[in-house]
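Quick one: this structure, given as structure tokens, is what I'll be asking you about.
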Amino acid sequence: MTYHDPVLLKESVDQLVKNPDGIYVDVTFGGGGHSREILSRLSDKGRLISFDQDLDAKQNIIEDPRFQLVLSNFRYVKNQLKFLGITQIDGLLGDLGVSSHQFDTGERGFSTRFEGDLDMRMNQQQSKTAASFLMEADESDIARVFANYGELRSAKKWANKIVHERKENEIKTTTDLKNLFAGFIPDHRKNKIYAQLFQALRIEINDEMKALEELLLSTPDIIKPDGRLVLISYHSLEDRLAKRFIRSGMFEGEPEKDMYGNWYAPFKPLQSKAMTANEDEIAKNPRARSAKLRIGIRNHAEEEK
Ligand SMILES: C[S@@+](CC[C@H](N)C(=O)[O-])C[C@H]1O[C@@H](n2cnc3c(N)ncnc32)[C@H](O)[C@@H]1O
């Protein structure tokens, strides 16, 4: 089985690499599909630093003197680069979320399709798992996660069921969680609701939204003027952050405008609409269906004011 089929490969790397001698960062190495494509566009002088927080990614390491893999959460990208003596880069790519390898490894608990422990940690060294969260968190916290990250309408009801169940039985596996709800969901809605529940838990366990915010906020400091921020997202919560940040440098609200109607923005969007995969790619790789590609071009300092 392949580790991961890269999505929007050509489209994203075409927009990322504009200087073959430059330094690039791929913050979501995974199976290394995008990283390999980036390297293929670089000269001998170019450099690529890739990140992943999943130790499994190490098996895909690329033997190339221009390449380096950093096993770290991408929220620390700025400091990790500084540690390598790099303060400015030509572009950064983030192909967000979970790899097919993570989904398809049943015992990691990401997928509703397999029996496995409710683990869901991308970083196997962290202690909080989906099971420990469900067994220990306050009911209101569980409801918040289901509502905010799963966009589930009956979040409070599901959280209440969990808290009742855990008094009697451990909620340990993917099947325990599905069985708990099975009797309350009509068959035709089960897959959708399970997917929303699992997505919500995964985002919480990996602190995905906060990590993405921290990553984005660090990008103006490290990407050179005219350098590119290239983001591929797979659900609306991620895409909203990417879109707002690239447009205004903020996640909420509107930036303050000056007397001429200009506002401070570290990037300008290449296009106002996200790029999506074509039917051919979607037919070959169904995961591409939800992908949205957004590109920001780093402004020069004088354009920020
Ligand atoms: C969609 S996959 C990337 C696939 C990759 N582009 C390829 O071509 O194989 C996302 C990867 O990013 C990693 N990841 C997700 N969030 C991360 C974070 N906050 N820090 C570091 N790695 C992260 C996951 O472990 C996963 O391997």
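When the dipole is taken about the Cα centre of region 1-144, and only Lys, Arg (+1) and Asp, Glu (-1) are charged at their Cβ, what size is it in debye, to the nearest 20?
640 debye
If you split all Cα-Cα distances of region 49-192 into 10 Å bins from zero, what percentages do you get per bin, shortest first?
That works out to 10, 32, 29, 18, 10, 2, in percent per bin.
Could you compute the net charge surrounding Ala242? Neighbours are other residues with a C-beta less than 11 Å from the C-beta of Ala242; K and R count +1, D and E count -1.
After counting each charged neighbour, the total is +3.
Which of rounded, prolate or oblate describes region 124-205 when judged by the alpha-carbon gyration tensor and an a/c cut-off of 1.5?
rounded
Which of Asp95, Asp14, Asp52 ends up with the largest GNM mean-square fluctuation for the chain, with Cα atoms connected below 10 Å?
Fluctuation is largest for Asp14.
For every other residue with a beta carbon closer than 14 angstrom to the beta carbon of Ile162, add +1 if it is Lys or Arg and -1 if Asp or Glu, then tell me the sum.
Neighbourhood net charge equals -1.
With a 1.4 Å probe and all protein chains left in place, how much of the accessible area of the chain comes from carbon and sulfur atoms, in whole percent?
Reported share for carbon and sulfur atoms: 47 percent.
Bins of 10 Å, beginning at zero and ending with the bin holding the largest distance: percent of Cα pairs per bin for the chain, please.
Histogram of Cα-Cα distances, whole percents per bin: 6, 26, 32, 23, 11, 3, 0.
Counting DSSP beta bridges in the chain, what percent are antiparallel, to the nearest 5?
Of those bridges, close to 40 percent are antiparallel.
Taking the chain as the reference, fit the longest principal axis to its C-alpha atoms, fit the long axis of helix 187-205 to the helix C-alpha atoms, and give the angle between the two in degrees, 0 to 90, nearest 10.
60 degrees
Between the helical axis of 155-168 and the dominant principal axis of the chain, each derived from Cα atoms, what acute angle in degrees is found, rounded to the nearest 10?
For helix 155-168, the angle is close to 50 degrees.
Lys and Arg at +1, Asp and Glu at -1: add these up for the other residues within a Cβ distance under 10 Å of Gly33 and post the number.
Counting the neighbours of Gly33, the net charge comes to -3.
Would you count, across region 170-305, every pair of lysines whose alpha carbons are under 14 angstrom apart, provided the pair is eight or more residues apart or spans two chains?
Lysine pairs, 8 or more places apart or on different chains, close enough: 9.
Relative contact order (percent) for region 124-205, with alpha-carbon contacts under 8 angstrom and 6 or more residues of separation?
Relative contact order, region 124-205: 43 percent.
The values are calculated or read from the model by the stated rules, or taken from the named source; none is laboratory data. Nothing here was measured: the structure is a model prediction, and the numbers come from that model. All Cβ positions, even for glycine, are placed from backbone atoms using ideal geometry, and neighbour counts span all protein chains on display. These accessible areas exclude ligands, DNA and RNA; they are computed on the full protein's heavy atoms, side chains included. Shrake-Rupley method; radii C 1.70, N 1.55, O 1.52, S 1.80 Å.
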